[in-house]
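The values are calculated or read from the model by the stated rules, or taken from the named source; none is laboratory data. None of the values given here were measured: they were computed from a predicted structure. Every residue, glycine as well, gets a Cβ built from its backbone with ideal geometry; the counts of neighbours run over all protein chains shown. What goes into the accessible areas is simple: the full protein's heavy atoms, side chains included, and nothing from ligands, DNA or RNA. Shrake-Rupley method; radii C 1.70, N 1.55, O 1.52, S 1.80 Å.
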Amino acid sequence: MAQVLEFKLPDLGEGLTEAEIVRWLVEVGDVVAIDQPVVEVETAKAMVEVPCPYGGVVTARFGEEGTELPVGAPLLTVAVGATESSSSLGTAADQAGPRASRNGGAAADGSAAGAGPDSGTGSASGSGSGNVLVGYGTGAPAARRRRIRPQPTALNGTPAAASASASASASGSTAPGPVVAGPLTGSASASAGPVAGAAPATALAGDVNGREGPVAVVSPLVRRLARQHEIDLRRLTGSGPDGLILRADVDAAIRLAGEAAEAESRSADAPAQRAVPERTASGEAAAERVPLRGVRGAVADKLSRSRTEIPDATCWVDADATELMAVRAAMNAATGPSAGPKVSVLALLARICTAALARYPELNSTVDTEAREIVRLPGVHLGFAAQTERGLVVPVVRDAHTRNAESIGAEIARLTELARTGKLSPAQLTGGTFTLNNYGVFGVDGSTPIINHPEAAMLGVGRIMPKPWVHQGELAVRQVVQLSLTFDHRVCDGGTAGGFLRYVADCVEQPAVLLRTL
């Protein structure tokens, strides 16, 4: 006899309390193996595929794509231990999931509501993996995933065949919970199996509320754009492969909606009935309210906490980066099969930072406010700010103090690509001890960075551009950059911060300084 187990949204990382369902990877009726990914969710830190710790048949899903769920909320239910003798599974709608959970997910005769005729093929033992994200080394081979086709149902959820009630009476099943549609039957005596030679059933295009079937959308950015402009993706026809809905399709729908609204407005402006736009008491247009959610909300919380808890101060200096740019050009001049990847300016600055932190370890620390202690950290995990379509994220280069410039550059390139595609894991976005922020890519010269809590300092780098500079006693055009250091005044005084920044500037102006101090 199958046992129905409920899988809840797990804790996905440090400080994460909620996640948004981006894409379901399984349907009701699918057979899943232990630790098989079942849903893709978006947290404030990254996109994560969540594996299920149970193996069996999916009987219900909780939440549509785009729904935000708190940690601990039910994700789906799985019938564990289903066998070939189990009753047939139909098209229990996703909306019946909560009812299935409340009623224990089983029919009155004790059979699991989600047991399917083929579930024995992919059934798994009742023991779960124990950890749905990391360290779940279950040795069981992955069961072959099989899809059990849903059967057509009437609008009220009962079997579509005219003899469905007679079939239910003949089988003796009177489940009080969610109504599970059985296979199409020709008569009451045929209720034990589907009609021979019947055409494969397909999912219904809509239900009693007019909601349509699955939407062919892969990109979470397209979904977010549609939600922001209140575009119903189920009403769109995708122009991509196999009907995939692209951003261009959503943009076109937004334009059409705008044109329709404008036409309606012009019609309403007729002299007989002139519509008055919605205004505030002062006569101005109403302000737009944007919720602080996802990445934007996480950034807001962290920056607010940094400003609230950390007494920060900033110092800055202009540096002649001409020699640094020449060294970079020489390092990248090598060609041929043995030549490694090109070294970026950011990688060179990161290597300079690790050397500076070795000389000034006070800035590679954090403050334990409860114990009133400064905790100096043994290794440098260097974060770097990266702007993506999802917002500002800070990937972390682990053990940067053990890497050379080429290794740091390769890791920065790898993490940047993951950030652009939204595939960074929470572990790759946490645990930093010092942050490097290159805001020069935005074409600005300087800034006063906000410390990435709970770190103790952040180095900001402006754009490198030609400026008049006194070089060897003469005025010359040189490549100049402004460096800004924001530091936690609790961990050190201005002398330490100034010494750190001056060392960085010296290495930028004369890269040989770095070689002499290694």
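What full-extension length gain, to one decimal in nm, is calculated for Asp318 and Ala300 as 0.36 nm per residue of separation minus the Cα-Cα distance?
Numbers: separation 18, 0.36 × 18 = 6.48 nm, distance 3.00 nm.
That pair, Asp318 and Ala300, stretches by 3.5 nm at full extension.
In what order, largest first, do Glu40, Glu259 sit by accessible area if the probe radius is 1.4 Å? Before the final figure, lay out each step's value.
Working: Glu40 30, Glu259 110 Å².
Largest to smallest exposure gives the sequence Glu259, Glu40.
For region 301-453, max minus min Cα coordinate along each principal axis, in Å, sorted largest first?
56, 35, 32 Å, listed from the longest principal axis down.
Order Trp24, Trp469 by their accessible area, 1.4 angstrom probe, all chains in place, largest first.
On the way: Trp24 20, Trp469 65 Å².
Solvent-accessible surface, decreasing: Trp469, Trp24.
Please list 3J(HN,Hα) in residue order for region 394-411, calculated via the Karplus relation 6.51 cos²θ - 1.76 cosθ + 1.60 where θ = phi - 60°; whole Hz, with x for glycine and proline.
10, x, 10, 8, 6, 6, 5, 5, 9, 9, 8, 4, 5, 5, 4, x, 5, 6
Using a Cα-Cα cut-off of under 19 Å, which aspartates and glutamates could be cross-linked to Lys8, ignoring same-chain neighbours fewer than 8 residues away?
Hits, sequence-local ones excluded: Glu18, Glu20, Glu27, Asp30, Asp35, Glu40, Glu42, Glu49, Glu64, Glu65, Glu68, Asp94.
Which of rounded, prolate, oblate describes region 412-514, given a ≥ b ≥ c as roots of the alpha-carbon gyration tensor eigenvalues and a/c under 1.5 marking rounded, otherwise prolate only if a/b is larger than b/c?
Oblate is the answer for region 412-514, as a/c is 1.5 or above yet b/c matches or exceeds a/b.
Which whole-angstrom value gives the distance between the alpha carbon centres of region 450-470 and region 483-511?
About 10 Å separates the Cα centre of region 450-470 from the one of region 483-511.
Using a 1.4 angstrom probe and counting only protein chains, how large is the accessible area of Glu417 in Å², to 10?
About 100 Å², rounded to the nearest 10.
How much length would be gained if the chain were fully extended between Val71 and Arg234, taking 0.36 nm per residue of separation minus their Cα-Cα distance, in nm to one decimal?
Numbers: separation 163, 0.36 × 163 = 58.68 nm, distance 2.78 nm.
Here the segment from Val71 to Arg234 would lengthen by 55.9 nm.
Subtract the Cα-Cα distance of Arg227 and Thr308 from 0.36 nm times their separation in residues, and report this length gain in nm to one decimal.
Between Arg227 and Thr308, full extension yields 25.8 nm more.
In terms of solvent-accessible area of protein heavy atoms at a 1.4 angstrom probe, what is the ranking of Val50, Val470, highest value first? Please report the intermediate quantities before stating the final value.
Working: Val50 0, Val470 100 Å².
Largest accessible area first, the residues go Val470, Val50.
Pop out the carbon and sulfur fraction of the accessible area of region 364-518 as a percent, whole number, probe 1.4 Å. List each step's numbers first, then the result.
Numbers: 3790 of 7300 Å².
Whole-percent figure for carbon plus sulfur exposure: 52.
Heavy atoms of the protein only, probe of 1.4 Å, neighbouring chains included. What is the accessible area of Lys302 in Å², nearest 10?
It works out to around 80 Å².
How much accessible area does Asp493 have with a 1.4 Å probe, in Å² rounded to the nearest 10?
About 100 Å², ignoring ligands and nucleic acids.
Please give, to one decimal in nm, the separation of the simple spin-label points placed at Glu389 and Leu515, each 7 Å out from Cα toward the Cβ.
4.4 nm
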